[in-house]
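A short write-up of the structure that comes next.
The values are calculated or read from the model by the stated rules, or taken from the named source; none is laboratory data. Everything numeric here is computed off the predicted structure, so don't read it as measured data. Here the Cβ positions follow ideal geometry from the backbone for every residue, glycine too, while neighbour counts run over all protein chains shown. SASA here: full protein model, heavy atoms, side chains in, ligands and nucleic acids out. Shrake-Rupley method; radii C 1.70, N 1.55, O 1.52, S 1.80 Å.
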Amino acid sequence: RTPVLASTDADGLPDARTVVLRQVDAQAGQLTFYTDSRSPKVAQLQAQASAMLVFWSARLSWQLRVRVACSVITSGPEVDMLWQGVKQSAAAGDYLSPLPPGAVLPPGTGMAVEANANAPAPTHSFAVLRAQVLQMDWLELSRDGHRRAQLGANTWEWLTP
């Protein structure tokens, strides 16, 4: 549910962070995540849609690397519908902050930014990140020998670990 998403920054350097998987559409081969539209990953993925997700299961000793093409949806009916659910949750504040993710807080504000009572009602920065699965690389780590396979839309093949 919490894979690492790796993208490329403006300098061509890797940038990785943990994201929360919100929906899976197995038929379409799509994974859905929520994000703040001002997040650096949004600009990165709009400039270069290719990314990698890495899932790990400690219980199974499985790693799944998923090559994806990402699209970011910042407005429209789907965003509006999903926002209706999110805005009722504690997570709503993540998308209502006046500052973008990673911004330096003003001195003396501690860990939160206080809302200005005279400011207009905040608009949300909620966005949907859609990842189209292109290929998967599965690895099982075992004392008895590792196993690895590559899976495509209609194919799979065993690989050397």
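In table form, for the structure just shown:
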quantity	calculated
In Å², nearest 10: area of Lys41 left accessible to a 1.4 Å probe	30 Å²
Carbon/sulfur fraction of accessible area - the chain, other protein chains in place, 1.4 Å, %	55 percent
Highest-fluctuation residue, Gln27, Gln84, Gln46 considered, GNM on the chain with Cα pairs under 10 Å	Gln27
Residue order for Asp137, Asp80, Asp15 - accessible surface, 1.4 angstrom probe, largest first	Asp80, Asp15, Asp137
In degrees, nearest ten, helix 77-86 long axis to first principal axis of the chain (Cα)	80 degrees
Mean accessible surface per residue for the chain, computed with a 1.4 Å probe while every protein chain stays in place, in Å²	64 Å²
Rounded to whole Hz, the Karplus (6.51, -1.76, 1.60) HN-Hα couplings of the stretch 25-41, x for glycine and proline	10, 4, 4, 8, x, 10, 10, 10, 10, 9, 7, 7, 4, 8, 5, x, 5
Among (1) -0.91, -1.26, -1.34; (2) -0.89, -1.15, -1.21; (3) -0.82, -1.39, -1.53, the entry that matches log10 I(q)/I(0) by the Debye sum over Cα atoms at q = 0.15, 0.19, 0.20 Å⁻¹ as calculated here	(1)
Within a Gaussian network of the chain (alpha carbon springs, distance under 10 Å), most fluctuating of Leu139, Leu31, Leu105	Leu105
Ser50/Gln84 FRET efficiency (R0 35 Å; Cβ-Cβ; nearest 0.05)	0.65
Difference of contour (0.36 nm per residue) and Cα-Cα distance, Gln30 to Leu141	37.3 nm
10 Å beta-carbon shell around Val19, net charge (K/R +1, D/E -1)	+4
Net charge over other residues, Cβ less than 15 angstrom from the Cβ of Arg59 (K, R count +1; D, E count -1)	0
Exposure rank, largest accessible area first [Glu157, Glu78, Glu140; 1.4 Å]	Glu157, Glu78, Glu140
